[in-house]
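Working notes, beginning with the structure itself.
Every number in this text was worked out from the coordinates using simple rules, so none of it is lab data. What you are looking at is a predicted structure, and each value in this text was computed from that prediction instead of being measured. Backbone-built Cβ (ideal geometry, glycine too); neighbour counts: all protein chains shown.
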Amino acid sequence: MLLKEELLSKLKEAVVNGDPEGVAELCRRVIEAGIDPLEAIERALVAAVRELGDKWIQTL
């Protein structure tokens with residue numbers, strides 16, 4: 001099983017890359033690993049949305 005940091009990093013990457021199947025699978029793995037869902041949201045999902053927002057702003 002992947003370590004917590006690696007799972008969260010891969011989840012963030014899947015969101016940034018627009019991979020819905022990967023996001024769903026990694027979310028399942030995060031839950032199975034016993035990682036706090038709120039922590040996963042804050043550290044992976046919100047971080048990914050921020051990164052995408054920053055990339056979008058750079059295109060303006």
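Miscellaneous remarks
- Whichever lysines have a C-alpha closer than 17 Å to that of K55, once near sequence neighbours (fewer than 8 apart) are set aside: K12
- Arranged from fewest to most other beta-carbon atoms within 10 Å of their beta carbon, D54, D19 become D54, D19.
- Here the contact order of the chain, divided by its residue count and restricted to Cα pairs under 8 Å and six or more residues apart, works out to 41 percent.
- Averaged over residues, the count of other Cβ atoms within 10 Å places the peptides 26-32, 9-15 in the sequence 9-15, 26-32, highest first.
- In the chain, helices alone account for a calculated mean residue ellipticity at 222 nm of -21000 deg cm²/dmol, with every DSSP H run of four or more residues adding -39,500 (n - 2.57).
- D (Stokes-Einstein, µm²/s), Kirkwood Cα radius, the chain, 0.692 mPa s at 37 °C: 283 µm²/s
- Partners for K4 among aspartates and glutamates (Cα-Cα distance below 13 Å; same-chain residues under 8 apart left out): E32, D36, E39
- Degrees separating the helix 4-16 axis from the principal Cα axis of the chain, which is the longest one: 40 degrees
- Computed extension gain for E25 through D54, at 0.36 nm per residue and net of the alpha carbon distance, reaches 7.9 nm.
- Per-residue Karplus couplings for segment 39-55, computed as 6.51 cos²θ - 1.76 cosθ + 1.60 with θ equal to phi - 60°, are listed in order as 5, 5, 4, 5, 8, 10, 6, 5, 4, 5, 5, 4, 4, 5, x, 4, 5 Hz, Gly and Pro entered as x.
- Taking other C-beta atoms within 10 angstrom as a stand-in for reagent exposure, L38, L7 fall in the order L38, L7, fewest first.
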